[in-house]
């Protein structure tokens, strides 16, 4: 039995990619590591802050892949330390955020074990575009096939 979706509406054209992205996010779940905050810092600015204690800048990667912001962390263990208790997570991770069209990544910084990523959402601009309607040759013949002439030339040919 086929699955019914909100995006099956005939009024929502071309949203199949959005539906696939939502399905992928629902299946990925999330283990909550590393923890993160998303805050609105200006009317069109966002900041993602990820707790990455113990990771250096060289062990972190921030990349835009298609419409996703992907943050990866992988620590290299030098093998020289002997832990009696290890409570600080040092496992590799990948955290993904789906980005809306137009959102730009302005930069990233690592400070006191927190990775900050600044995003900007440009102001929405209303776009209106008229589409020219072309008629077929059959349609022109049915209406008499007359060609529209500029106003000055139409008056000259009428006299």
Members of segment 56-78 found to be out of contact with any strand residue (DSSP E or B) (no Cβ under 7 Å at 6 or more places or on another chain) and surrounded by 12 or more Cβ atoms within 10 Å (Cβ to Cβ), listed by number: 74, 75
Residue that is surrounded by 15 or more Cβ atoms within 10 Å (Cβ to Cβ) and either in contact (Cβ under 8 Å) with a residue 40 or more places away in the chain or not in a strand (DSSP E or B) (or both), where the choices are 81, 95, 91, 86: 95
Check on residue 149, within 17 Å of residue 34 (Cα to Cα) and either more than 34 Å from the chain's Cα centre (by Cα) or at pLDDT 80 or above (or both): no
Filter result (assigned to a strand (DSSP E or B) and surrounded by fewer than 11 Cβ atoms within 10 Å (Cβ to Cβ)) within segment 110-132: 111
Test: residue in segment 48-55 that is assigned to a loop (DSSP other than H, G, I, E, B), surrounded by 10 or more Cβ atoms within 10 Å (Cβ to Cβ) and at pLDDT 90 or above: yes
Matching option when the condition is within 24 Å of residue 119 (Cα to Cα) and at pLDDT below 90, among 45, 73, 32: 32
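The values are calculated or read from the model by the stated rules, or taken from the named source; none is laboratory data. As the structure is a prediction and not an experimental result, all values here were calculated from the model. No Cβ is skipped: glycine too gets one built from the backbone with ideal geometry, and neighbour counts run over all protein chains shown.
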